[in-house]
Every structure is written in C-alpha cells, then in structure tokens.
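Throughout, read-outs are computed from the coordinates displayed, never taken from laboratory work. Since the structure is predicted, the reported quantities are computational estimates derived from the model, not experimental observations. Note that we place each Cβ from the backbone using ideal geometry, even for glycine, and neighbour counts take in every protein chain shown.
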Amino acid sequence: MPQADFRIALAQLPTPLEPAPRLGRALGAHKLYIKRDDQTGLGLGGNKLRKLEFLLGDARARGADTILTVGAMQSNHARQTAAACARLGLQCELVLRYGARPAAAYLESGNVILNRLFGARITQIAAPASREEVMQERAERLRAEGRKPYLIPVGGSCLVGNFGYVMCAEEMLQQFAALPHPVRAVVVANGSGGTQAGLVAGMHLLNARIKVIGIAVEGSRREQEEQVFALAAETVAALGGRRLPRAAVTVLDEWAGPGYAKPTPQMLEAVALAAAHEGLVLDPVYTGKAMSGLVGLFREGYFGAEDGVVFLHSGGAPGLFAYPDLFARYGLVPESASEQPMQLSLELDFPVRPVAVPCVDEIAPVDEQTAETADSAKIPMSADMAGQDLPLLIEPQAGQDLFTDGLAMQQEPTVAAESPASGADADSCCVDMEIASCADVAQAEPCENATSESSADECVAGAEAAPAAAPKRNSRARHRRRPGRSPRAKAPQ
Ligand SMILES: Cc1ncc(COP(=O)(O)O)c(C=O)c1O
C-alpha cells in the first residue's frame, strides 16, 4: 500500500456516523444515518479540511509560504483554508466575490468574521470579475517579492484535494461494516465537485457497491456530472485503479433552484426539519439543498423505508448567520422567539410552506391551498433586529479599486498572521496514509495547475431572495421508480 506522507493531520477523524431516527421517522426512512463531516473540528469544521490535509501538505512539501484561494464571500472552503493556515503558520490570502447588491450581513457576518479572526488577507471583488485572474495577478506580485505562493482552486476541488474524500470513503466503509444492515447510498451536496468525486473514486477503488448521489447546489445535471466524472476519473487513474465507468457518477439538479446560494422553499423546509428533529444545523447554500434532495428522494419513492441511506453533512453552519432574515421567523423559528416582530418584510418569490417547528414529532405538510402565495409571503424580522440598520446595499464607490483595496469595511486583518512556516514543526504533523491499490499520490500534479472554476456567485442577499425554480417537471418521473426495483432500472452502482 502506497503512502502519502505529505498529508498533514488537520481534521478530527474519523467523524461520527450517527443514526437519525426522528428525522427518519418524519421521512419514512428507517435506516437513515448522518456522516458528521461538519464535525471535523478546526475552524468550526466542514468537508474542506479533508481536502486541505492533502493540499496544504502538498504546499508545504513544495516550500510554499503563502496560500491563495478563491470563493464566494461566504465560502466555507475559504474559511477552513484560513483556519488551517492559521494552525500551520502559513500566510493566507482569499479572493472572495460577491454578487449584485449584497446585504451587510452577507459581507460582514458568518464566515467573513472568522476569516478575519484567522488572520487571512481578504480581497473582495464584485461579480462578474474573475476570481482566478485576481488570484493569479496577486500570485505574480508575491513571486516578485520573493514569496512562494501556492494556489488552491475554488472549493479545493482538484486531484490533490480529492484524495481527502477517497480516504473518507474508506473511513465510511469501515463504519458501514459495523452496521446491522447494508448501506445503499450516500447523499452529498455537490458544488465544485471534489467531495463527490473523491467519494466516487474511493468507492470504486475499494469495490464498494454503494451509490454516491450528488445533489447539485447550482448548475445543470449534465455540467455537474461531467465535472465530477472528470475529477473522479483523474483521481482513480492517479491511484492506479481500473477505469471508472461514467455511470458511477450521478448528480441530481432538481433541488438546485435558480442558482448558487439562491433559496428554495424545499431548502427552507429541509433546514427546519433537520434542526427540529435532530438538532442538526444545516446551511442554506449547500447542506440545506442537499437535505432537500434527500427529503425529495424519500417522498418520491426513489428510496424505500428499508434502504440504508447516509447523508454526508459537509458543514457550512457559519453561513447561516450571513442570511439572518431568511431564517428569522416565518414558520422556521417559534413565534415566541421574536417577541415584538418588526413588520419589515423580506419578500420571497415563492410560496413558503409554514412548518410548525417546535414540539412536533412529525411535520405535517400543509395543504397546498393554505400555503402562502408569493404576494403574501412576507417575513417579519425578529425583534432583535430592532435598532439595527436595515440590510445595507453596498455599491462600490467611484474610484474605489475593489480588486486591490476591497470595500472600506475590508481591512487588513487585525490579527497579524504569523510568519510563514519555514521550520515549523512540519514533521510532527505528518501522518502516514494508505490508499488501497494506489499509485504514490506524491506524484500528483500540484493543485495550482487546476483550472476548474465554479460559476458560483453568491448573490443572495437577505433582502433579495431569488425565485425558486419549481422542481423540474420530470423530476418525479425520473426518481419515482427505485433503481433495482423496476425490471428496467439499473442496479445501484
Ligand atoms: C458546506 C459545504 N458543503 C458542500 C460543499 C460542496 O463541496 P464540493 O465543492 O467539493 O462539491 C461545500 C463547498 O464549498 C461546502 O462549503
């Protein structure tokens, strides 16, 4: 078994695999489990730490002193990169992009607060400017100053990063072996694709017949599947596996809604369901949409009650706080929590299904006819917003160079990052890793050569939730039959 001794231990592993009996009852799922990759620890955890163990290990092996990466303003990947760099004493630079009319909470709260605390240097840019170009320009400047930058593509999705989820597949298979029944599928959020790609590659390399279903948070099924397949096939090849069949990759796009970080009623309901039944904190951009896919797959009959299904919780909870008015009240927080709700309204362009969150065992779906219509779906802000400024729309000022200066509120970090980790106790944090039948992963190309870019633009501002696309017409037809139960259906991978 080959070893990747450049991997650095950053995450608390293995993460727990927990049964979710109350959520399972609500969905008619008797064997539902949550893989708690939101509990990887460092910097409030999440899926990216598994990728960063390899990426930052690779960076250090190459003598890098500055880590650059890109993302949306509320990128969880960026936040975990900043935290990991703080842990390792590496300089971290983030190029973060926002869309039209971002609200103040979006620009200042959630992951952004943490990025600043971790000492990252942040460059904010407005869409549609290219984050990658800004990162490349910055890297050139750093090189000219004699520094050694290491560039990580959006989401850490590239060959080296993917190894993190190859390892996770192995970890899960060990946990599944201890369950009293088989696992049929793992459901995971699909963004830049590396998490799913690593899992698909890992399951394939380890000959596990467990389907990995990606729930797209943006993009079309075709685009996302192509991206995941390319990443997974490259990973399998690098690790010496037999050719990956295209059918090993499934991404469903019915729950993506109108785009990245744009809320859907299904996402709102899924976040409320998971919180109310399991105390599970999902986020509106990734895991909320992924959970809405899981809910939909049970309701449509794609999964049956006795199917062993695992939801990979990939983290993202800090992002919740960047969208305060989205979750402030309407059926999602008990009325009593907002004693004097101010009648400031957030208008959603979709009907909101009232969900009685507190004190229920089963969440009864409300009759379609009683669901609020677009016109009447106004979400009063809670009392604790009283006295605060309304969500602020920030436009770049004339003459302001967002590429280099960012907005006025963007300052150099108040906590200075430590100098680069030359001579840091590098060896002490290396761990040995084994990958089944793999080539030496140390031969992998550095990730800075990766070019994949998510089209992601985090556009949602609290004050302008976008219309949700109605689930595509054919979605039920596509998923109603359970593969393996219909004579025509394909067996699960
Ligand atoms: C919380 C969370 N879940 C899932 C994902 C998607 O992972 P990937 O980009 O590897 O598809 C992300 C990506 O940033 C994320 O932040």
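For segment 26-41, putting each phi into the Karplus relation 6.51 cos²θ - 1.76 cosθ + 1.60 with θ = phi - 60° gives couplings of 5, 9, x, 10, 7, 10, 9, 10, 10, 8, 8, 6, 6, 9, 7, x Hz, in residue order, rounded to whole numbers and with x for Gly and Pro. With R₀ set to 45 Å, the beta-carbon distance separating Ala178 from Glu226 gives a calculated FRET efficiency near 0.80. With a Förster radius of 51 Å applied to the beta-carbon distance between Glu18 and Glu133, the computed FRET efficiency rounds to 0.75.
Within a 10 angstrom radius of the beta carbon, how do Phe118, Phe176 rank from fewest other beta carbons to most?
With the sparsest Cβ surroundings first, the list reads Phe176, Phe118.
For segment 71-150, the equivalent ellipsoid built from the Cα gyration tensor has semi-axes of 21, 17, 8 Å, listed from largest to smallest. As a ratio to 2.2 N^0.38 Å, the alpha-carbon radius of gyration for segment 245-292 is 1.27. Stretching the chain fully between Arg101 and Arg246 yields a gain of 48.2 nm (0.36 nm per residue, less the alpha carbon separation). Residues Phe311, Phe229, arranged from fewest to most other Cβ atoms within 10 angstrom of their Cβ, appear as Phe229, Phe311.
Neighbour counts of other Cβ atoms within 10 Å put Leu282, Leu114 in the fewest-to-most order Leu114, Leu282.
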